[in-house]
Amino acid sequence: RELLDAVASVVSALPAAGESLSMFAARVTGRAHALDDGTPLGTLSVGAARALAGLDDPGPDESAAEARRESWAAVGLLCDELSSTVLTMALSGDESATGRVIAAAAASSEPVWLTLRQLVRGLPDWQELDLPEVLVVENPSVLAFAAEACGRRSPPIVCTNGQPRAATMVLLRSLAGAGVCLRHHGDFDWGGLRIGNFLHRRLPVEPWRFDRDAYLRAVVAHPHAAPLTGAPVDACWDPSLSGVMRECGRRIEEELVVDDLLETWP
């Protein structure tokens, strides 16, 4: 009964407004570590937070720690808010605290890292900024190339930097919720397909130059690309992609096709 009463107290105090998890726990339960990972109250409460935010349960291939940070962030609570970051380029900014940081970086044609704290405490109003599409990529080198080659002509880009972290998911979910079209590209290897499956499972994303035909064009253009190794996985957005990757046996990294990604962007 005591545990259920504590869960009810936590739920009734949500959503929060960018408060740290430990401060929230201290205020609501009287114990700063009551909602720590692995505690009974923490386990039940993070599940309640996930339900309140409408998030799916994390899959077996997802990071439990990142899923936990994302769940708390979705109801306005910050856990490791400075260590979870996302790299962006050429997003539109407004007069919000985070919007001013984004706008300053865009004006200088520079990529910028945003923390989970910045995203939870003050997101720009994406609908007012009329941002139609965002390119979601896997590797920071794509943003470095865009900064040099495109400058202010760069498309708006969000980088997952490998497997998406909580900050990445909070940002992408906010963009999707505002009606922004998310177009995704990654490495043509098994890890890249796993990341793509994760994003397609969790978000309304569309592939961008990341299908069977794009892979075959890249293999022809780069016949000496590195061998494809590792355990195969099917791509949920293009069932034929995995088969041709097995047949060709080449790993096509984003850096090999970055020109095509940016030059053909609408």
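The values are calculated or read from the model by the stated rules, or taken from the named source; none is laboratory data. Here the structure is a predicted model, which means the values were calculated and not measured. Glycine gets a Cβ as well: all are built from the backbone with ideal geometry, and neighbour counts include every protein chain shown. SASA here: full protein model, heavy atoms, side chains in, ligands and nucleic acids out. Shrake-Rupley method; radii C 1.70, N 1.55, O 1.52, S 1.80 Å.
So what's the net charge close to Thr229: Lys and Arg +1, Asp and Glu -1, counting the other residues with Cβ under 12 Å from its Cβ?
Details: positive: Arg246, Arg250, Arg251; negative: Asp189.
Neighbourhood net charge equals +2.
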Inset, instruction - Return the sequence-ordered ³J(HN,Hα) values of segment 23-38 in whole Hz as given by the Karplus equation 6.51 cos²θ - 1.76 cosθ + 1.60 applied to θ = phi - 60°, using x for Gly and Pro. - result: 5, 4, 4, 5, 5, 8, 10, x, 9, 5, 9, 5, 9, 4, 4, x
Inset, instruction - Report, to the nearest 10°, how far helix 40-53 tilts away from the longest principal axis of the Cα atoms in the chain, using its own Cα long axis and a range of 0 to 90°. - result: 60
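Under 11 Å from the Cβ of Ala149, count the other residues' Cβ atoms, weight Lys and Arg +1, Asp and Glu -1, and hand me the total.
Working: positive: Arg153; negative: Glu148, Asp259, Glu263.
Taking every other residue near Ala149 into account, the sum is -2.
How much net charge surrounds Ala178 when only the other residues with a Cβ under 15 Å from the Cβ of Ala178 are counted, with Lys and Arg +1 and Asp and Glu -1? Each step should come with its number before you reach the end.
Numbers: positive: Arg173; negative: Asp94, Asp125, Glu128, Asp130, Glu133.
Here the charged neighbours net out to -4.
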Inset, instruction - Whole number in Å², please: accessible area per residue of segment 129-196, 1.4 Å probe, ligands, DNA and RNA not counted. - result: 31
Legend entry - Cα gyration tensor category, rounded, prolate or oblate, for the chain with a/c compared to 1.5: oblate
Legend entry - Distance between modelled label sites at Ala64 and Ser109, nm, 7 Å Cα→Cβ extension: 4.7
Inset, instruction - Tell me the label-point distance for the pair Leu228, Ser141, using the 7 Å Cα-to-Cβ offset, in nm and rounded to one decimal. - result: 1.9
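For segment 144-236, what does the alpha-carbon gyration tensor say about shape, rounded, prolate or oblate, given a ≥ b ≥ c as the root eigenvalues, a/c under 1.5 as rounded, and a/b over b/c as prolate?
On the way: a/c = 1.94, a/b = 1.27, b/c = 1.53.
Cα axes put segment 144-236 in the oblate bin.
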Legend entry - Under the Karplus curve 6.51 cos²θ - 1.76 cosθ + 1.60, θ = phi - 60°, whole-Hz ³J(HN,Hα) for segment 233-250, x wherever Gly or Pro sits: 8, 7, 8, 5, 8, 8, x, 7, 5, 4, x, 6, 5, 5, 5, 7, x, 10
Inset, instruction - Calculate how many DSSP beta bridges within the chain are antiparallel, expressed in % of all such bridges and rounded to the nearest 5. - result: 45
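Given a 1.4 angstrom probe, I'd like the percentage of the accessible area of segment 152-203 that is carbon and sulfur, rounded to a whole number.
Values: 660 of 1480 Å².
Here it works out to 44 percent.
When the accessible area of segment 1-85 is computed with all protein chains present and a 1.4 Å probe, what percentage of it is carbon and sulfur? It would help to have the intermediate numbers written out before the result.
On the way: 2420 of 4320 Å².
Carbon plus sulfur share of accessible area: 56 percent.
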Inset, instruction - Please build a GNM for the chain, connecting alpha carbons under 10 Å apart, and tell me which residue among Gly192, Gly179, Gly18 fluctuates the most. - result: Gly179
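Assigning unit charges at the beta carbon (Lys, Arg +1; Asp, Glu -1) and nothing else, what dipole magnitude in debye, to the nearest 20, does the chain show about its Cα centre?
The calculated dipole for the chain is roughly 420 debye.
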Inset, instruction - With a 1.4 Å probe and every protein chain left in place, work out the accessible area per residue of segment 1-97 in Å², rounded to a whole number. - result: 49
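I'd like the GluC sites (Glu not before Pro) in segment 1-105 restricted to DSSP loop residues with at most 10 other Cβ atoms within 10 Å, sorted by number. If you can, show how the numbers build up before the last one.
Numbers: sites: Glu2, Glu19, Glu62, Glu66, Glu70, Glu81, Glu95; in loops: Glu62, Glu81, Glu95.
Answer by residue number: Glu95.
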